[in-house]
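Have a look at the structure below, then the notes.
The values are calculated or read from the model by the stated rules, or taken from the named source; none is laboratory data. Quick caveat: nothing in here was measured; it's all calculated off a predicted structure. So basically every Cβ, Gly included, is an ideal-geometry build from the backbone, and we count neighbours across all protein chains shown. We work out accessible area using only protein heavy atoms, side chains counted, and drop any ligands, DNA or RNA first. Shrake-Rupley method; radii C 1.70, N 1.55, O 1.52, S 1.80 Å.
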Amino acid sequence: TGSFSTLTYLDCDVEDTVGTAITGSSSVTTYYVPVNNLYKYSYNQMIYTANEINPAHTATVITALAFQYNYATAMTQKTNVKVYMAHRSDSIFNSTTDWTPINNATLVYEGPLNCSQGWNKFNLTNFFSYNGSDNLVIIVDDNSFAYNSSSYNFNAHTKTNSVLYKGHDTENLD
């Protein structure tokens, strides 16, 4: 099934053709999203509301994604990561089994998700056509078979039920 986060909402920056951004005032750090740095494999989903992405609710094309990495030592072990995006009507996850089906999502990035301290931008290999009205789910599937440690963390702030995550050391979770 997975774990249910009631505490963490990842600080994220979504870049589109007009410079839309999702940011937050960081109040906590997390090692389990966007990739879980305590496990060799992880599978995570994060919901961002339409108001957080684009308060004007206009359609746009998302071209890049950025995460704010907090630790002074660079994260180097996440070399095989896939990122997907999908529209979602629910603004929260309603249970630990409320995953957005991967077949409803678009693969937007495939490659390393290694970071150094600060904001780390990843240009999407497949742009995502965001409709402006639904919420956005970002799915991160880490198949790296490697980890750093829980000290390798990202900035986040609190938002109830916005993240689902699971991790494992021997089983690929996708």
**OP:** Identify, by number, the condition in (1) modelled with pLDDT of 80 or more; (2) under 14 Å from the mean Cα position of the chain (by Cα) that Asn104 doesn't meet.
**Re:** (2)
Original post:
Across the range 67-81, which residue is most open to solvent (accessible area, probe 1.4 Å) among those that are within 16 Å of the chain's Cα centre (by Cα) and either polar (S, T, N, Q) or at pLDDT 80 or above (or both)?
Top reply: Thr79
**OP:** List every residue pair whose Cβ atoms sit under 7 Å apart, with the two residues 6 or more apart in sequence or on different chains, where the first one lies in the range 66-85 and is more than 22 Å from Asn126 (Cα to Cα) and the second, anywhere, is open to solvent by 30 Å² or more (accessible area, probe 1.4 Å) and part of a strand (DSSP E or B).
**Re:** Asn70/Thr29
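Every residue, every condition in (1) assigned to a loop (DSSP other than H, G, I, E, B); (2) at pLDDT below 90, yes or no:
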residue	(1), (2)
Phe93	yes, yes
Asn126	no, no
Leu164	no, yes
Asp174	yes, yes
Original post:
Taking the range 136-158 only, how many residues are open to solvent by 40 Å² or more (accessible area, probe 1.4 Å) and at pLDDT 65 or above?
Top reply: 2
**OP:** May I ask you to list the residues in the range 113-124 that are farther than 13 Å from Phe67 by Cβ and either open to solvent by 20 Å² or more (accessible area, probe 1.4 Å) or modelled with pLDDT under 75 (or both)?
**Re:** Asn123
